[in-house]
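For reference, the structure is listed below as structure tokens.
The values are calculated or read from the model by the stated rules, or taken from the named source; none is laboratory data. The structure presented is a predicted model; accordingly, all values stated were derived computationally and were not measured. Note that we place each Cβ from the backbone using ideal geometry, even for glycine, and neighbour counts take in every protein chain shown.
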Amino acid sequence: MILLIYSRLLQWFAENNIQTLNVNSNNNNNNTNTSIPPSPRSPINVPSASVQNPNKTSQIDECDNEQNKKSSMKTADDVISRIEWDDRLDKRYFRVGYIDRFLGLQEKSFSDFDFKVDLSTISDRHSNILAIPKHRIQYFKYNNEIIWDKETRTDLMFGSTGNQETIYDVIKRHENLMEDNHSPS
């Protein structure tokens, strides 16, 4: 019975391309070559460069982690708070893109939302209150320019993802464009 289970296990290893170690075991009657799966710390799972120089892989891993590590991005809740509390920002120019459970991606004016209402208190789904869970927010726009996008990790509101540009730079750029369009040539 045990031999049957063991042979099926070896077959499963072979089907899933899992390497096994060959270990010589000495039984009383004969020498057999038995195949067992490697342990997570066995040398078969370690790249050959690290066997020669164990410090080399730790240096490589640290470099990879630093390159792959993304800076933390401000949340949609942070953006909402900034728009609501920063007196220099005009709410009329902001739009919110969000996922509606039934209609898919939707976009509405920031002023249409009530972000202060507790979602559990809204009982009538036909009420005039537009409130959504903040995790459904996908992006924010200022004058049709995306300033915060969850999917692409764009943050022009705070510049938290490495971009040095903030919302004030975006506003200044739009003001300059408006002046250029309205000035006589």
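Quick notes on this structure:
- Taking region 100-127 as the range and being at pLDDT 90 or above, within 22 Å of MET73 (Cα to Cα) and either of a type in the set (Asp, Glu) or not in a strand (DSSP E or B) (or both) as the test, the residues that pass are GLU107, PHE110.
- Candidates ASN65, ASN55 - the one that is modelled with pLDDT under 80, assigned to a helix (DSSP H, G or I) and under 22 Å from the mean Cα position of the chain (by Cα): ASN65
- Pairing each residue of region 100-119 that is more than 11 Å from ALA131 (Cβ to Cβ) and of a type in the set (Phe, Trp, Tyr) with any residue that is modelled with pLDDT of 85 or more and not in a loop (DSSP other than H, G, I, E, B), provided the two are 6+ apart or on different chains, yields C-beta distances under 7 Å for PHE110/ILE83; PHE110/LYS91; PHE110/PHE94; PHE110/ARG95; PHE110/VAL96.
- Residue match in region 128-149 (condition: modelled with pLDDT of 90 or more, in the same structural domain as TYR93 (by TED's automatic domain parsing) and part of a loop (DSSP other than H, G, I, E, B)): yes
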